[in-house]
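Written below as structure tokens is the structure these notes are about.
Derivation of every value follows stated rules applied to the coordinates shown; laboratory data play no part. All figures in this text were calculated on a predicted structure; none of them were measured in a lab. Note that each Cβ is placed from the backbone with ideal geometry, even for glycine, and that neighbours are counted across all protein chains shown.
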Amino acid sequence: MTLPDSRPLEPWQWPEAHWRGIVDHVRAGRALKPANWKGGARCAVALSFDSDHETNELRDGGESIGKLSQGQYGNRQGIPRILEVLERHAVKASFFVPAVTALLYPDEQRRVASAGHEIAIHGWIHERNSVLPLAAERDLQMRSADVLEQVCGVRPVGIRTPSWDFSPNTLAISREMGLLYDSSLMADVDCYELLLDGQPSGVVELPVEWIRDDAVYFNMNRFTGLRPYTPPADVFDIFRREFDAAYREGGLFQLTMHPHISGYRSRIWILDELIRHIQSHPGVWFATHADVVRHAKEFAAP
């Protein structure tokens, strides 16, 4: 919006209809927390892994050999370590995979899928959705789904936008694609329906949170002041407390980790010990994001 002299309005000058339109465009709707989880479980646990690998560097046009090698670690060491922990505990999880990652490592995705884990959309090259024109975002999201289906043999039903960057067009594209769920937004701790301009979109949100993401604690950039500031033991304590609260409330515990971040020998124990802690509680259901959403959608209170 602009003033008569073409200067843009400051947010404090916006009329109410304008700021309400921004707020109400994509909004949390009806809560979809079921009374019980599958098999009468008290709590659902949805573990997820974002297999970004080299795309974190490529998306900005970067060509740093060092950063690309860190991404390659995700394939060579991170994924095998994670899969070993999940198999040892007989736990299923969801892997959100950029299409470029799938093209670089198709055998990795087939290995993940053959172990019974979910493969879901995570953009084309880990692009930033909010800077894309509608046509480009739509094309990339649809091509990403095509690539994952071609590689794994199964059409993905869910999406997590790269860096959880959600444009004004993202939900409409997901609805057009017939996706079951999104996992990029943070309006709740349990599943909820997503509203688009005040109307149910048909897409369910399985919410994330930076608190339950390893990247915010362990990211590192040697050319800036960004340094890991939280010891692994403290990260484990945060994740454990998040689960304990979800268990008390009979809700959902969702976690996001990255193979190139938590797949190190001094950090992989967090995942291992967290699963042990969770499994020490009766009535816990480990499930993929898709299965959690299906159950929540079917058994949510009217």
Original post:
So how strong a dipole does segment 212-265 carry about its Cα centre when Lys and Arg Cβ are +1 and Asp and Glu Cβ are -1, to the nearest 20 debye?
Top reply: 220 debye
**OP:** First measure r as the distance between the Cβ atoms of ALA301 and SER64, then evaluate 1/(1 + (r/R0)^6) with R0 = 45 Å and state the FRET efficiency to the nearest 0.05.
**Re:** 0.35
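Full extension from SER6 to SER280: what is 0.36 nm times the residue separation minus their Cα-Cα distance, to one decimal in nm?
Difference between extended and current length: 92.4 nm.
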**OP:** Tell me the label-point distance for the pair GLN77, ARG110, using the 7 Å Cα-to-Cβ offset, in nm and rounded to one decimal.
**Re:** 2.7 nm
Subject >> Separation in nanometres of the label points that stand 7 Å from Cα toward Cβ, at TRP269 and ASP197 >> reply: 5.4 nm
Original post:
How large is the helix-only mean residue ellipticity at 222 nm for the chain, computed as the sum of -39500 (n - 2.57) over DSSP H runs with n ≥ 4, divided by its residue count, in deg cm²/dmol to the nearest 500?
Top reply: -12000 deg cm²/dmol
Original post:
Given a Förster distance of 25 angstrom, what is the FRET efficiency for ARG20 paired with GLU249, based on the Cβ-Cβ distance and rounded to 0.05?
Top reply: 0.20
Subject >> Whichever lysines have a C-alpha closer than 27 Å to that of LYS92, once near sequence neighbours (fewer than 8 apart) are set aside >> reply: LYS33, LYS38, LYS297
**OP:** Just name one of THR170, PRO232, PRO207: the one whose Cα is farthest towards the positive end of the charge dipole of the chain (beta-carbon charges, Lys/Arg +1, Asp/Glu -1).
**Re:** PRO232
**OP:** Name the residue farthest towards the positive end of the dipole of segment 24-299 from the options GLY251, LEU58, VAL91, assuming +1 on Cβ of Lys and Arg, -1 on Cβ of Asp and Glu, about the Cα centre.
**Re:** VAL91
Subject >> Dipole in debye (nearest 20) - the chain, about Cα centre, beta carbon charges: Lys, Arg +1; Asp, Glu -1 >> reply: 700 debye
Subject >> Selected from VAL112, ALA44, ILE275, residue furthest toward positive end of dipole (the chain; charges at beta carbon) >> reply: ILE275
